[in-house]
Amino acid sequence: MATVMVLLADGFEEIETVSVIGILRRAKLNVVVAGVSGLDVTSARGINMVADTLLEDEIASPVDMVVLPGGEPGCTNLQRSSIVHDYLHDAHARGIWIAAICSAPRVLAAFKLIAGKQVTGFPTIAPLLGDSTYVSKDVVVDAPFITSRGPGTAMKFAFEMVAVLQNRQVVKALKSAMLVR
């Protein structure tokens, strides 16, 4: 079973986090929610979540994918974290998939991870994406990155992660069970 690490920082976007975790767990993937600076994490709109673990305790844990939800100031908090910086650079060096939605692709650009890649994100971050190419699509896959635009595309984003880690048949079955057209 593939393992997915979801990084949570204070100010995360709720829909992009909970819908992704829900879909990945429905797909029978092992999802670990890692708090960047604590176990109790507050969303951009004041919803409190409890992470499964602290990122600093999971540095050496094997994963198949890392997910960065969007939201502000969540992405700013991700970008300011030296632990997140080092973790993502290590993951990238090992060829691990990295998925980022909404404003989170700008974190990848700031960390110099997506140069030369096609990416998407919330439209206002396009100028912040450095040497990558912004694409106006709901979800963009340019291995080993999956990027998406925002709350309205969160389910498509999660289904693409399932397709990459499992297959399109699993996605089809999930969509049917969830009444997604």
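The values are calculated or read from the model by the stated rules, or taken from the named source; none is laboratory data. Since this is a predicted model, take the numbers as computed values, not measurements. Ideal geometry is used to build each Cβ from the backbone, glycine not excepted, and the neighbour counts take in all protein chains shown.
Points worth noting:
- Looking only at residues of the range 48-65 that are more than 14 Å from residue 35 (Cβ to Cβ), among the hydrophobic types (A, V, I, L, M, F, W, C) and at pLDDT 95 or above, we find that the one that is nearest to the chain's Cα centre (by Cα) is 65.
- Restricting the range 16-28 to residues that are over 11 Å from the mean Cα position of the chain (by Cα) and buried (at least 21 other Cβ atoms within 10 Å of the Cβ), the residue that is farthest from residue 70 (Cα to Cα): 27
- Of all residues making up the range 15-63, the number that are under 18 Å from residue 107 (Cα atoms), touching a helix residue (DSSP H, G or I) at 6+ places or on another chain (Cβ under 8 Å) and not small (Gly, Ala, Ser): 3
- Scanning the range 53-80 for residues that are within 16 Å of residue 112 (Cα to Cα) and surrounded by fewer than 19 Cβ atoms within 10 Å (Cβ to Cβ) gives 76, 80.
- Residue in the range 38-60 that is closer than 20 Å to residue 153 by Cα and charged (D, E, K, R) present: yes
- Within the range 124-151, considering residues that are part of a helix (DSSP H, G or I) and free of Cβ contacts under 8 Å to residues at least 24 places away in the same chain, the one nearest to the chain's Cα centre (by Cα): 125
- Looking across the range 133-181, the residues that are touching a helix residue (DSSP H, G or I) at 6+ places or on another chain (Cβ under 9 Å) and of a type in the set (Asp, Glu) come down to 138, 160.
- In the range 110-123 there is at least one residue matching the filter, namely being more than 14 Å from residue 70 (Cα to Cα) and either acidic (Asp, Glu) or part of a helix (DSSP H, G or I) (or both).
- Conditions (1) acidic (Asp, Glu); (2) under 21 Å from residue 34 (Cα atoms); (3) touching a strand residue (DSSP E or B) at 6+ places or on another chain (Cβ under 6 Å): number failed by residue 142: (2)
- Residue check, residue 49 surrounded by fewer than 19 Cβ atoms within 10 Å (Cβ to Cβ), closer than 20 Å to residue 151 by Cβ, in contact with a strand residue (DSSP E or B) (Cβ under 8 Å, 6 or more places away or on another chain) and of a type outside the set (S, T, N, Q): yes
- Single condition residue 170 does not satisfy, out of (1) surrounded by 15 or more Cβ atoms within 10 Å (Cβ to Cβ); (2) of a type in the set (A, V, I, L, M, F, W, C); (3) in contact with a strand residue (DSSP E or B) (Cβ under 9 Å, 6 or more places away or on another chain): (3)
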